[in-house]
Amino acid sequence: MARTIQSLERAAAMLRLLAGGERRLGLSDISSSLGLAKGTAHGILRTLQQEGFVEQDQTSGRYQLGAELLRLGNSYLDVHELRARALVWTDDLARSSGESVYLGVLHQQGVLIVHHVFRPDDSRQVLEVGAMQPLHSTALGKVLSAYDPVAHSEVVETDREAFTPRTTTGLADFETVLDLTRARGWAADVEETWEGVASIAAPIHDRRRMPVGAVGVTGAVERVCRDGELRPEIVAAVRDCARAVSRDLGAGRF
């Protein structure tokens, strides 16, 4: 069995303690409840406070849960709501396009796949939920970079690796790609990340009209493209799916 980290266990116990019972607790209450020396408890509380997980009332000196926990909790709920709202629409998109469908959100400096619908042809496929994709070369990543200011900052401040000869790595050229993405409402990746693979993606917005993710289709170039051009019916299907999920999230019509 893997060894646990005692300081993290104590911090987790502290957060659970603050989450139940009294709204605010003093240092003595926390240390005695958890069986910790006051110095140890204070050190953990100070670290949690610096990270925004705990706040201290300036008048009483008592501690309570911080706003950062609420933000993380809302992010967790948002992802689950996004996936729940997208289930039916992504299934429909996979059937209509005949290709794999991915739902992605910004995570750290990449795209986290939170939902994956297999290509409906009974071929052997690997579930990619939890996989990370690059922001600068994938269709999902370009959409997030175009519409989400945080994603844009992440991709601008990191190295943009050339995965294939088609990958756009220069900042000025990449900004031009993002301008085009915003102008037409969708992004493409034709052999920019993987040889022989093409993708099309569109943004999903929530009730505040904020970008919360992207949905896209991925498949072999010869299926996603026709005569060297992206198939317009797949582009339309991806955009319709993104709009439908956005409406279900309360965004209204786009």
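The values are calculated or read from the model by the stated rules, or taken from the named source; none is laboratory data. Remember, it's a predicted structure, so these values are computed and weren't measured experimentally. For neighbour counting, all protein chains shown are included, and Cβ atoms are generated from backbone atoms with ideal geometry for every residue, glycine included. Ligands, DNA and RNA are excluded from the accessible area calculation, which covers all protein heavy atoms including side chains. Shrake-Rupley method; radii C 1.70, N 1.55, O 1.52, S 1.80 Å.
Annotation for the stretch 171-254: GluC sites (Glu not before Pro) lying in DSSP loop with at most 14 further Cβ atoms inside 10 Å of their Cβ are Glu195.
Heavy-atom accessible surface of Arg85, to the nearest 10 Å², is about 100 Å², with a 1.4 Å probe and all protein chains retained. Here the accessible area of the stretch 178-254 is 50 percent carbon and sulfur, with a 1.4 angstrom probe and all protein chains present. Result for the chain in a Gaussian network model with C-alpha springs under 10 Å: among Ala67, Ala236, Ala162, the largest mean-square fluctuation is at Ala67. Rolling a 1.4 Å probe over the protein heavy atoms gives the stretch 62-201 an accessible area of 51 Å² per residue. Hey, in the GNM for the chain with a 10 angstrom Cα cutoff, which one of Gly130, Gly26, Gly213 fluctuates hardest? Greatest mean-square fluctuation among the candidates belongs to Gly26.
Between Ser123 and Ala19, the distance separating the two model label sites (each 7 Å from Cα on the Cα→Cβ line) works out to 4.3 nm. Remark: the Ala84-Asp159 segment gains 23.6 nm on full extension, using 0.36 nm per residue and subtracting the alpha carbon distance.
Overall form of the stretch 163-204: oblate. Here a/c, set by the Cα gyration tensor axes a ≥ b ≥ c, is 1.5 or more, and a/b is not larger than b/c. Could you please state how large a percent of the accessible area of the stretch 35-175 is carbon and sulfur, counting protein chains only and using a 1.4 Å probe? Reported share for carbon and sulfur atoms: 50 percent. Assign one of three labels to the stretch 101-170, namely rounded, prolate or oblate, based on the Cα gyration tensor with a ≥ b ≥ c the square roots of its eigenvalues; rounded applies when a/c is under 1.5, prolate when it is not and a/b is larger than b/c, and oblate otherwise. Prolate.
Percentage of Cα-Cα pair distances in the chain greater than 34 Å, rounded to whole percent? Of all Cα-Cα pairs in the chain, 34 percent lie more than 34 Å apart. Summed over qualifying helices (DSSP H, 4 residues or more, each -39500 (n - 2.57)) and divided by its residue number, the chain shows a 222 nm mean residue ellipticity of -15000 deg cm²/dmol.
So which residue, out of Leu34, Leu87, Leu15, gets the largest mean-square fluctuation from a GNM of the chain using Cα contacts under 10 Å as springs? With Cα springs under 10 Å in the chain, the top fluctuation among Leu34, Leu87, Leu15 is at Leu34.
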